[in-house]
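A.B. asks: Would you mind keeping the following structure in view while I ask a few things?
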Amino acid sequence: MLTSAIQNVIQEQVPITVITLKSKRWWTKELTFLRKCSNKLGRQAYKRKIDLEHLVHTEHKEAAKKYARMLKSTKQQHWRSWLKRAKDPDIYDVQRLISMLASDGGKARIPALKFKEGEIAKMATSNVEKGTALAKGFFPWKPQLQDPQEGTVYLKACSKAGKVTEEQIQKQLKKLKPYKAPGPDIIPNIVLTKNTDLLVKRLLPIYTAMLDKNLQYSPWKTFTTVILHKPGKPHYNVPKAYCLIALLNTMWKVLSAIVADQISFLTENYQLLLRNHFGGRLGQTTTDAMHLLTLRIKAAW
């Protein structure tokens, strides 16, 4: 009911933006005017395509060139202005954009994929076959569960799972990046961040019941898979040249983040990890690992 209520409000109140060339940040009213003039002269030139000596052909060429020059200069000026205003977080985006190879719309399409099924080499040409080949590479079969051996002794749990509080929910909602792509429920993060005060009291009993009674809400666990090219690969006709990102439903991500914070706290509080374990730990970076490696090399010398 909560998901449906949010979706209905979004559908009724939020206008849908049609993405066009004019939706770009660098688009200006002058470009709109020049584009209209060029298209109008293009239609007139097409009507007189037999009379190549007519003045309208020359006017169309000049208008098209002027529009193209203005388009290029506007993009460059916008890029320079953005670089001047760039701050620390934007520097990484600048580096990523500069280092990316030039691409076109054709690279967004996945070509025919070569894959092996056992020892037999096959070729995936249709969308269904490509999806099946990629799914097998991304989601391998789970290993079979083995029954515990006799005499196995399990350690006692160091602590029970903590209760979810309003402060935890509010903290995670505020941490959401507002314009990330939404999951299958089509609820953007910004809707949750702007309505935190209304949602906290409604999400608290839902999250509490899910953890106390070990409930799983299936629609929240579904996600949208987006296939991306791995940069710098020589060929993109094999499934290994691609990676995926999963677009989860935001309200499920909030609960996952709360549980992850609790696990991290218990792990650090009871010292369940080795001191030289750095992956996924707060306050532990690659720099710490390099310092430890340097100390051990010096000790070995």
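Each value in this text was obtained by applying a stated rule to the coordinates, not by laboratory testing. This structure is a prediction, so every number in the text was calculated from the model and none was measured. Cβ placement follows ideal geometry from the backbone for every residue including glycine, while neighbour counts extend to all protein chains displayed.
A.B. asks: Give me P(r) over the stretch 91-226, computed from all C-alpha to C-alpha distances, binned every 10 Å, as integer percentages.
C.D. replies: 8, 19, 24, 24, 20, 4, 0
A.B. asks: Return the single residue from 201, 66, 156 with maximal mean-square fluctuation; model: Gaussian network over the chain, springs between Cα atoms under 10 Å.
C.D. replies: 156
A.B. asks: Need the C-alpha centroid separation for the stretch 29-43 versus the stretch 131-193, integer Å.
C.D. replies: With the stretch 29-43 and the stretch 131-193 each reduced to a Cα centre, they are spaced 51 Å.
A.B. asks: Another one. In degrees from 0 to 90, rounded to the nearest 10, what is the angle of the helix 196-212 Cα long axis to the longest principal axis of the chain?
C.D. replies: Helix 196-212 and the main axis of the chain meet at about 40 degrees.
A.B. asks: Work out from phi, with θ = phi - 60° and the Karplus expression 6.51 cos²θ - 1.76 cosθ + 1.60, the ³J(HN,Hα) of each residue of the stretch 29-38, listed in order in whole Hz, and give x for Gly and Pro.
C.D. replies: Each residue's phi maps through the Karplus curve to give 5, 5, 5, 4, 5, 5, 5, 4, 4, 5 Hz.
A.B. asks: In whole Hz, with x marking every Gly and Pro, tabulate ³J(HN,Hα) for the stretch 240-256 from phi via Karplus 6.51 cos²θ - 1.76 cosθ + 1.60, θ = phi - 60°.
C.D. replies: The phi angles translate into 5, 7, 10, 10, 10, 10, 10, 8, 8, 5, 5, 5, 6, 5, 4, 5, 4 Hz.
A.B. asks: Shifting gears a bit: For 79, 141, which order do you get if you count the other beta carbons within 10 Å of each Cβ and list the fewest first?
C.D. replies: 141, 79
A.B. asks: Sticking with this one: Let's test the formula: R0 of 41 Å, r as the Cβ-Cβ distance of residue 209 and residue 23. What FRET efficiency results, to the nearest 0.05?
C.D. replies: Rounded to the nearest 0.05, the efficiency is 0.45.
A.B. asks: Could I ask something else about it? Looking only at GluC sites (Glu not before Pro) in DSSP loops with at most 16 other Cβ atoms within 10 Å, what is the longest site-free stretch of the chain?
C.D. replies: Longest stretch, sites excluded: 151-301.
A.B. asks: Something else about it: Along the stretch 147-164, what does the Karplus equation 6.51 cos²θ - 1.76 cosθ + 1.60 (θ = phi - 60°) give for ³J(HN,Hα), rounded to whole Hz, x for Gly and Pro?
C.D. replies: Result, rounded to whole Hz: 5, x, 6, 5, x, 5, 10, 9, 6, 6, 5, 6, 6, 7, 5, x, 7, 7.
A.B. asks: Report the paramagnetic label zone for residue 230: residues of the stretch 121-145 whose backbone N is under 11 Å from a point 7 Å from Cα along the Cα-to-Cβ axis.
C.D. replies: No residue qualifies, since no backbone N sits under 11 Å from the label point.
A.B. asks: Also, I was wondering about something else. List 70, 251 from most exposed to least, where exposure is judged by having the fewest other Cβ atoms within 10 Å.
C.D. replies: Ranked by crowding around the Cβ, least crowded first: 70, 251.
A.B. asks: Arrange the peptides 180-191, 33-44 so that the one whose residues have, on average, the most other Cβ atoms within 10 Å appears first.
C.D. replies: With the highest mean Cβ count within 10 Å placed first, the list reads 180-191, 33-44.
A.B. asks: Moving to a separate point now. Between helix 286-300 and the chain, what is the angle of the helix's C-alpha long axis to the longest principal axis, kept within 0 to 90° and rounded to the nearest 10?
C.D. replies: 60 degrees
A.B. asks: Using a Förster radius of 45 Å, what is the FRET efficiency between residue 292 and residue 222 based on their Cβ-Cβ separation? Nearest 0.05, please.
C.D. replies: Result of the calculation: an efficiency of 0.65.
A.B. asks: Would you mind checking 29/49; 47/75; 180/201; 65/233; 130/174; 171/221 for any pair whose Cα atoms are more than 27 angstrom apart?
C.D. replies: 29/49; 47/75; 65/233; 130/174
A.B. asks: Moving on. Under unit Cβ charges (Lys, Arg +1; Asp, Glu -1), what dipole magnitude, rounded to 20 debye, does the chain have relative to its Cα centre?
C.D. replies: Charge dipole, the chain, about its Cα centre: 1480 debye, nearest 20.
A.B. asks: Mind telling me which of 233, 87, 175 comes out most flexible in a GNM of the chain, alpha-carbon contacts under 10 Å?
C.D. replies: 87
A.B. asks: Percent of alpha carbon pairs in the stretch 198-254 separated by more than 17 Å?
C.D. replies: 57 percent
A.B. asks: Something else now. Give me the Å³ per residue figure for the convex hull around the C-alpha atoms of the stretch 19-75.
C.D. replies: So the per-residue hull volume is 70 Å³.
A.B. asks: Which whole-number value in Å³ per residue fits the convex hull of the alpha carbons of the stretch 1-104?
C.D. replies: Value for the stretch 1-104: 214 Å³ per residue.
A.B. asks: From largest to smallest, what semi-axes in whole angstrom does the stretch 162-270 give when each is the square root of 5 times an eigenvalue of its alpha carbon gyration tensor?
C.D. replies: Ellipsoid half-lengths, sorted descending, are 31, 18, 14 Å.
A.B. asks: Next up: Just going by the charge dipole of the stretch 39-191, with Lys and Arg at +1 and Asp and Glu at -1 on Cβ, which of 184, 168, 82 is farthest out on the positive end?
C.D. replies: Final value for the positive-end residue is 82.
A.B. asks: Against the longest principal axis of the chain, how steep is helix 127-138, in degrees 0 to 90 to the nearest 10, with axes from Cα atoms?
C.D. replies: Computed tilt is about 40 degrees.
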